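What follows is a short report on a single structure.
All of the numbers you see were taken from the coordinates with simple rules; none came from a lab. Predicted model only: the values in this text are computed from it and were never measured. Methodologically, a virtual Cβ is constructed for each residue, glycine included, from the backbone with ideal geometry; neighbour enumeration extends over all protein chains shown.
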Amino acid sequence: MESRFLGIPQLVETPATAVVVDVMRAFTVAAWAFARGAERIVLAESLDQALALKARNPGWVALKDGTPAAGFDAVNSPAMLRTVDLSGRTVVQKTTAGTVGALAVKDAELVLCASFVVAEATARLLRERGCESVTYVVTGEEGRAEEDLACAEYIALRAGGDEVEAAGFLRRAGESRAAAELAEGVRLGVHPDDVALCLEVDRFPFAMVAALEGSLMVLKVAEK
């Protein structure tokens with residue numbers, strides 16, 4: 001299985017298979033949303049679109065990066081979401097990097113969104129689909145985010161069938177700039193448990209697949 005690791009600005013052509021990685025925090029939050037019962041997650045192109053979708057669908061749950069804002073129900077924090085009942089709900093998510101990365105590859109044949117909490121399930125799906133070439137989209141810091149690259153490399157090794165320990169990859173992520181900024185309160189809308197929750201490997205047994213539904217990019221739990 002051939003693996004490429006690219007930042008969003010480096011995506012000059014549409015890959016056949018893309019794994020979009022955002023560890024801190026978009027796709028850790030997405031996994032928690034599904035674990036809390038969400039039916040699907042609409043990946044919004046902008047805050048305005050997220051608010052417009054929420055306005056047309058009052059039962060939807062809108063979340064964003066940073067501090068709470070009018071019209072939004074939640075922020076992009078796994079710890080803050082872990083006690084919310086989302087049973088049967090549609091979530092609208094707009095973040096700085098993760099949702100942008102997924103939308104950048106929306107025309108790919110297969111788009112998976114991933115973080116450490118769904119790493120093995122993501123790798124297993126890639127193996128089951130027999131993917132020959134996979135582009136890992138390292139969303140943070142224009143492709144330089146160490147936590148996203150570490151997670152992408154770990155998933156790539158597992159997808160290729162390598163027996164590899166997660167500890168070293170988690171250590172890299174824990175020492176990343178993003179982890180420091182979350183821990184130090186540089187980023188807003190943060191819970192003290194966010195970093196630890198983002199560094200849990202294989203917390204959830206499902207992969208997450210994104211695909212176009214009409215004009216919307218929609219993320220769902222992969223069917224078994």
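List of remarks:
- Residue separation of E213 and A183 scaled by 0.36 nm, minus their Cα-Cα distance, works out to 7.1 nm of gained length.
- Charged-residue dipole, Cβ positions (Lys, Arg, Asp, Glu), segment 1-47 about Cα centre, Debye nearest 20: 200
- GNM flexibility winner over the chain from A152, A38, A196 (Cα, springs under 10 Å): A196
- Cα Rg, Dmax (largest Cα-Cα span) when computed across segment 1-82, Å: 14.9, 45
- Subtracting the Cα-Cα distance of S46 and D85 from their residue separation scaled by 0.36 nm leaves 11.5 nm.
- Separation of the E13 and E223 label points, Cα + 7 Å toward Cβ, nm: 3.1
- Debye, to nearest 20: dipole size of the chain, +1 on Lys, Arg Cβ, -1 on Asp, Glu Cβ: 660
- Taking one quarter of the surface of the C-alpha convex hull of the chain gives a mean projected area of 11.0 nm².
- Applying 1/(1 + (r/R0)^6) with R0 = 25 Å to the Cβ-Cβ distance of E39 and M1 gives a FRET efficiency near 0.20.
- Farthest toward the positive end of the dipole of segment 99-170, out of V138, G168, V105, is the Cα of V105, where the dipole comes from beta carbon charges about the Cα centre.
- Net length gained if the chain between E141 and E200 were fully extended (0.36 nm per residue, minus Cα distance): 19.1 nm
- Point-charge dipole on Cβ atoms (K/R +1, D/E -1) for segment 108-224, about Cα centre, debye to 20: 240
- All other residues whose Cβ lies under 12 angstrom from that of A52 are scored, Lys and Arg at +1 and Asp and Glu at -1, for a net of +1.
- Under a 5 Å amide H cut-off, with hydrogens placed 1.01 Å from N, T95 pairs with V100 among residues at least 5 apart or on other chains.
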